[in-house]
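A short worksheet on the structure shown next.
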Amino acid sequence: MLRTVNRVLLVLTGLCLIGGGAAALAAALDLPRRWGFSPPSGWSWRAPHDVLLTHADRTQWREEGWWWPVVIGGLALLVLLSLWWLLAQLRRRRTTEIAIDSGDGAGAVLRGHALENVVAAEAEALPGVDRARVSLTGRRGSPRLSVGLLLTPQAGPDAIVERLRTETVEHARASAGLDALPAEARLRAAQHGEERVN
């Protein structure tokens, strides 16, 4: 879900920046007069010396009773949504190490990057897998795997997912001495290359 939110926010931000930049460029170059078109009615930014918001636009609702509660409420909502988004980004950071019970009471640490590399190599060895990308998230004591697989055109996704679960992820869980190792797999099919028949 967070990935979708990030993409939507990027698209909306990009559209706002492109639209604002295009409007500023059109007004600064006096394009409406030169090209013979008129901006929408109520649009105050028509020529190079005009401003985006006139004094009347900026002050027209100040005397209304609903104006300041709406402004303050909108800004507070924007701040809360921004904080939620920021905390969600920080929460999904990669796990750099995993705490392992070594059996002697001292404990041990396994580097997250090493486990990612081993799982990726074992996943790429599965028949039908072209490439694998693995990231380790979660906490030190309860890590999670996120596996992205690029499948060959002839691959059977159901068989690959089953082997990924019962072999690759299970080997990683057992070797790290974890009680559980939740994993999420995202599959993508490789595109067919052009084939020539003589």
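The values are calculated or read from the model by the stated rules, or taken from the named source; none is laboratory data. Being a predicted model, the structure only gives us computed values, none of them experimental. Note: ideal-geometry Cβ built from the backbone for every residue, glycine included; neighbour counts use all protein chains shown. For the accessible areas, the whole protein counts, side chains as well, though only heavy atoms, and no ligand, DNA or RNA atoms are used. Shrake-Rupley method; radii C 1.70, N 1.55, O 1.52, S 1.80 Å.
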Out of all the residues in the stretch 152-171, which are modelled with pLDDT under 90 and open to solvent by less than 50 Å² (accessible area, probe 1.4 Å)?
THR152, ALA155, GLY156
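Yes or no, residue by residue, for (1) of a type outside the set (Asp, Glu); (2) touching a strand residue (DSSP E or B) at 6+ places or on another chain (Cβ under 8 Å); (3) surrounded by 12 or more Cβ atoms within 10 Å (Cβ to Cβ); (4) closer than 27 Å to ARG186 by Cα:
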position	(1), (2), (3), (4)
THR4	yes, no, no, yes
ARG7	yes, no, no, yes
LEU17	yes, no, no, no
GLY20	yes, no, no, no
LEU29	yes, no, yes, no
PRO32	yes, no, yes, no
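For the stretch 136-146, give me the residue count where each residue is of a type in the set (Lys, Arg) and surrounded by 15 or more Cβ atoms within 10 Å (Cβ to Cβ). Walk me through how you get there before you give the answer.
Residues of the stretch 136-146 that are of a type in the set (Lys, Arg), as a first pass: 139-140, 144.
From the residues that got through so far, the ones that are surrounded by 15 or more Cβ atoms within 10 Å (Cβ to Cβ) too are 144.
The number of residues fulfilling the criteria is 1.
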Give, as residue ranges, the helices (runs of 4 or more DSSP H) completely inside the stretch 51-135 that count at least 3 residues that are modelled with pLDDT of 80 or more, out of contact with any Gly (no Cβ under 6 Å at 6 or more places or on another chain) and open to solvent by 90 Å² or more (accessible area, probe 1.4 Å).
67-91
Selection from the stretch 141-158 of residues closer than 27 Å to THR96 by Cα and not in a strand (DSSP E or B) yields GLY141, SER142
